[in-house]
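The values are calculated or read from the model by the stated rules, or taken from the named source; none is laboratory data. Being a predicted model, the structure only gives us computed values, none of them experimental. Virtual Cβ from ideal backbone geometry, glycine too; neighbours counted across all protein chains shown. The protein model used for the area step is the full one, side chains on, heavy atoms only, and it has no ligands, DNA or RNA in it. Shrake-Rupley method; radii C 1.70, N 1.55, O 1.52, S 1.80 Å.
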Amino acid sequence: MNATVHRLARSALLILALLAAPPFLGSAAHAQDISGALAKLTADSYADTGEAIAALATSGHPRAAVIVESIRDGQLEFDEPSKTVAIRTAAGVLDAATGAALATPPAGLSPVRVNNRVRSALAAAMGALTLMSPDPAKRREAAEAVFKSRDQGALATLEAAIPKEADAGVRSAFSAARAAIVLYKTDATEDARVAAGEVLRARGDQDAVATLRGLPADTPKRVKDAAEIAAKSIETSLALWASVQNAVYGVSLGSVLLLAAIGLAITFGVMGIINMAHGEMVMLGAYTTFVVQEVIRAHAPGLFDWSLAIAIPLAFLVSGAVGVVLERGIIRFLYGRPLETLLATWGVSLILQQSVRSIFGANNREVGAPSWMSGSFEVGALTMTWGRLWIVVFALAVFVGLILILKKTPAGLQMRAVTQNRSMASAMGIRTPFVDALTFGLGCGIAGIAGVALSQIDNVSPNLGQSYIIDSFMVVVFGGVGNLWGTLVGALTLGVVNKFLEPFAGAVLGKILVLVLIILFIQKRPRGLFALKGRAVES
């Protein structure tokens, strides 16, 4: 472990030395910069070869990486009398400094020898040459290596590199690495070491805590006390961020539960139907997304970023149509018989699962993420994926859209009328069977577009719906049967509670505890958080 850290530190030192060095002015200067290193390679000495590799790594010459790689691959050869250094390739023998082919290479060319010491120098040089790229992430990796090794030999190089670094994140990493060195530097002043501890407090992660807490016993009391205060401050901040992270992840989980349960809330609330096939409607939406992406991959790859937008209405239509057929073909004959309805829809769920297995196979299917849903972002110590964020936004959009349908459309008015008093609605001329079919189709269609979202975070398989059906029923019962606002509050509450319980009880035991809490809650409030008067309650 220590050897690895030291190798990383050597790589970091090489790149930091490069950053601190003045820029080269032209190709002539480049040639002069590596001429001495090439001369050392002809000495046939392991020590000289190691020095030559280190010089190449910090030279900035465009041929440096090629030369170092050729040593690593056993392709670099030299002729000591003529001081020729060449690279032997399949195309011929090339001059190492220029890359030009040698018309008459010396007859006495011998490969540059390597041992373990030279291999270590090669590894460090290759790391340094990689970090010399303009990618800030590579330079940051070098700073992290110095931070962990606390090699005091890097201090001067760091202090020279910090003012020249343009990237704020990398500059912060350089400053933290310098602070780690100064904090442990016994000949530094106490003021400088205390100031270094404050820099580490600003870094604010567990590595900073470990560095602050790892001071030797002979550290001056003032420095040690300041380091302890900084470490406790970081731990307090991290605990707060952990709570925020649990809350955010809980909202993310709650949005998934909301998508899975909101369609069930409609059918259960308006019709009083225990639809055990609801999870399969979610599954059909996910498979619709898969089919859409397969067609796009085969015929219009440029539309892939629009695949989810195309899949949403299609998933709604597919799942909604299956729901209407299910209601007209089976469920309408079983109204008022909840046990038979439960068994019938459970049988339908098995049929749908097996049908999907027969068509698509039992293996998981790949559903890709569009570019705008890929990656993640950070807020303080919290990391959130774009995919999860978009699912939260999508769930809220579906919820708002459904509220508008129920509040602002004639169909929504009829659904609410049937929910509140089916007999009176029928007496007023509302075709309750049509409303039943429309409602069931709407609920199943929303389950289908939930499947589009869930395809981005879960495996698309015939068993996809089974993972969410129980949670969906818990959300609906907890929030209040048929009440959409209750479904929203119930989903978010259960999601957040799950995430706060998982660190202490584990995922499985956490779900069991949530179920027990819901059972106890229903004993006190049988109608859920937001009781709704209507057929589902009165019956």
Could you please let me know if GLU294 is among the charged types (D, E, K, R), part of a helix (DSSP H, G or I) and buried (at least 24 other Cβ atoms within 10 Å of the Cβ)? no
Of all residues in the range 511-523, count the ones that are farther than 16 Å from GLY480 by Cα, of a type in the set (A, V, I, L, M, F, W, C) and open to solvent by 50 Å² or more (accessible area, probe 1.4 Å). 3
Give the residues of the range 173-199 that are within 15 Å of ALA145 (Cα to Cα) and open to solvent by less than 10 Å² (accessible area, probe 1.4 Å), sorted by residue number. ALA173, PHE174, ALA176, ALA177, ALA179, ALA180, ILE181
Please enumerate the residues belonging to the range 451-470 that are closer than 14 Å to LYS511 by Cβ and under 24 Å from the mean Cα position of the chain (by Cα). SER467, TYR468
Against the definition (surrounded by 15 or more Cβ atoms within 10 Å (Cβ to Cβ), of a type outside the set (Lys, Arg) and farther than 11 Å from ARG150 by Cβ), how does VAL170 come out, yes or no? yes
Check the range 351-360 and report whether any residue there is at pLDDT 90 or above, more than 32 Å from the chain's Cα centre (by Cα), aliphatic (A, V, I, L, M) and closer than 16 Å to ALA447 by Cα. yes
Residue among GLN466, GLN456 that alone is open to solvent by 10 Å² or more (accessible area, probe 1.4 Å) and not in a helix (DSSP H, G or I): GLN456
Counted residues in the range 84-97 being modelled with pLDDT of 85 or more and outside any strand (DSSP E or B) come to 0
Can you pull out every residue in the range 415-453 that is more than 19 Å from GLU327 (Cα to Cα), outside any helix (DSSP H, G or I) and modelled with pLDDT of 80 or more? MET428, GLY429
Does ALA128 meet the test of being at pLDDT below 80, open to solvent by 50 Å² or more (accessible area, probe 1.4 Å) and under 39 Å from the mean Cα position of the chain (by Cα)? no
Residue that is surrounded by 11 or more Cβ atoms within 10 Å (Cβ to Cβ), in contact (Cβ under 8 Å) with a residue 60 or more places away in the chain and either of a type in the set (Gly, Ala, Ser) or touching a Pro at 6+ places or on another chain (Cβ under 8 Å) (or both), where the choices are ALA411, ALA369, ALA425, ALA417: ALA369
Selection status of GLY480, on the phi > 0 side of the Ramachandran plot and crowded, with 23+ Cβ neighbours inside 10 Å: yes
Test: residue in the range 315-334 that is closer than 23 Å to MET276 by Cα, within 30 Å of the chain's Cα centre (by Cα) and either among the acidic types (Asp, Glu) or open to solvent by 30 Å² or more (accessible area, probe 1.4 Å) (or both): yes
Working carefully through the options GLU228, GLU235, GLU141, find the one that is at pLDDT below 85 and charged (D, E, K, R). GLU141
Residue identified as in contact with a Lys or Arg (Cβ under 6 Å, 6 or more places away or on another chain) and either of a type outside the set (Lys, Arg) or under 21 Å from LEU389 (Cα atoms) (or both) among ALA202, ALA208, ALA231: ALA231
Check on ALA315, among the aliphatic types (A, V, I, L, M), touching a residue at least 12 places away in the same chain (Cβ under 8 Å) and in a helix (DSSP H, G or I): yes
Selection within the range 428-445 - open to solvent by 40 Å² or more (accessible area, probe 1.4 Å) and under 23 Å from LEU259 (Cβ atoms): LEU438
Give the residue that is nearest to ILE266 (Cα to Cα), with candidates limited to residues of the range 483-510 that are open to solvent by less than 40 Å² (accessible area, probe 1.4 Å) and polar (S, T, N, Q). ASN483
Failed criterion for TYR335 (all others in (1) under 29 Å from SER307 (Cα atoms); (2) in a loop (DSSP other than H, G, I, E, B) hold): (1)
Which members of the range 382-408 meet the condition of being open to solvent by 50 Å² or more (accessible area, probe 1.4 Å) and either part of a loop (DSSP other than H, G, I, E, B) or among the small types (Gly, Ala, Ser) (or both)? ALA397
